[in-house]
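Written out below as structure tokens is the structure these notes cover.
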Amino acid sequence: MNTTIIVSLLLVIITTALLLIVQRTSTNVIPGQKISNRDPTFIIAGPPNSGKTSLFTLLTTDTIKATVMSQEPNVAADYMLPSAAKSFKFKLMDFPGHIKLRYQLFETLKESSSIKGLIFVVDSTVDPQKLTETAEFLYEILTITERNPEGVDILIACNKCESFTARPPAKIRDALEKEIGKIVERKMKSLSSVKTQLDANADEKDADNDALELNSSHGFKFDALDGNIVAMEGSVLKQNIDKWDCWIDERAVN
């Protein structure tokens, strides 16, 4: 009798454990979707030498320190916002800007389910006519973020505004918009040229994944995207980032 009771109890324990394992697995894994970062996250990205890591250091330590080009992302797992949403904690991630290391950013964008905003840092002293590579980088980011149902809000943080040669944020935004429009147009022409060689369904799928929309009458416009794209001036060196702080705060509470 005692043996029977013990065996029955063991079976109940084993069955319960198996059910818990199955339930946990089904909760965390969605077929066809790879999500590894579920924390509310703010991301800092941009071309090399624009001031990304200096901004990350200022936001996390409230100080300015000399930085070198990073090979790995800088991560603050429990970043507390500076003002309005101070009680909220977020993950803050700063990614290398070198072209060979950008895959780290792209993978994180694809594998994160709660991106609150992306700060795209640019050097505002660069001639707007020389922003082609920066626009290509931003285009690659948008092809990922715009797959989200509501997109991802992006702040074009125009750094080094203290410099005499700094350009206005509106001019930098317009230049990036124009350059991305050229990229989108080239992509669409390329897709069109191979349309007869590909299955129609496969072609449409590639277009969705690799190209943003181009309005036939007005060209490419940031305003047509799901995510909100704004440009604001600031200076990490002078610790003049109040506008950027407010932008972060507004998205933290939403």
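Assorted remarks:
For every residue, the table says whether it meets (1) of a type in the set (Lys, Arg); (2) under 30 Å from Ile248 (Cβ atoms); (3) modelled with pLDDT under 95.
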site: Val152; (1), (2), (3): no, yes, no
site: Cys161; (1), (2), (3): no, yes, no
site: Pro168; (1), (2), (3): no, yes, no
site: Leu176; (1), (2), (3): no, yes, no
site: Ser193; (1), (2), (3): no, no, yes
site: Gln197; (1), (2), (3): no, no, yes
site: Lys205; (1), (2), (3): yes, no, yes
site: Asn209; (1), (2), (3): no, yes, yes
site: Leu212; (1), (2), (3): no, yes, yes
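- All of (1) in contact with a Leu (Cβ under 9 Å, 6 or more places away or on another chain); (2) more than 25 Å from Pro168 (Cβ to Cβ) hold for Leu105 with one exception: (1).
- Which listed residue, of Glu107, Glu177, Glu185, is within 24 Å of Thr41 (Cβ to Cβ) and out of contact with any Gly (no Cβ under 7 Å at 6 or more places or on another chain): Glu107
- Taken over segment 158-175, the criterion of being under 23 Å from the mean Cα position of the chain (by Cα), within 19 Å of Lys52 (Cβ to Cβ) and not charged (D, E, K, R) is satisfied by Cys158, Asn159, Pro169, Ile172.
- Of all residues in segment 44-68, those satisfying the criterion of being of a type in the set (Ser, Thr, Tyr) and over 17 Å from the mean Cα position of the chain (by Cα) are Ser54, Thr57, Thr60, Thr61, Thr63, Thr67.
The values are calculated or read from the model by the stated rules, or taken from the named source; none is laboratory data. Only a predicted model underlies this, so the values are computations on that prediction, with no experimental measurement involved. Because the Cβ atoms are built from the backbone with ideal geometry, glycine has one as well, and the counts that use them run over all protein chains shown.
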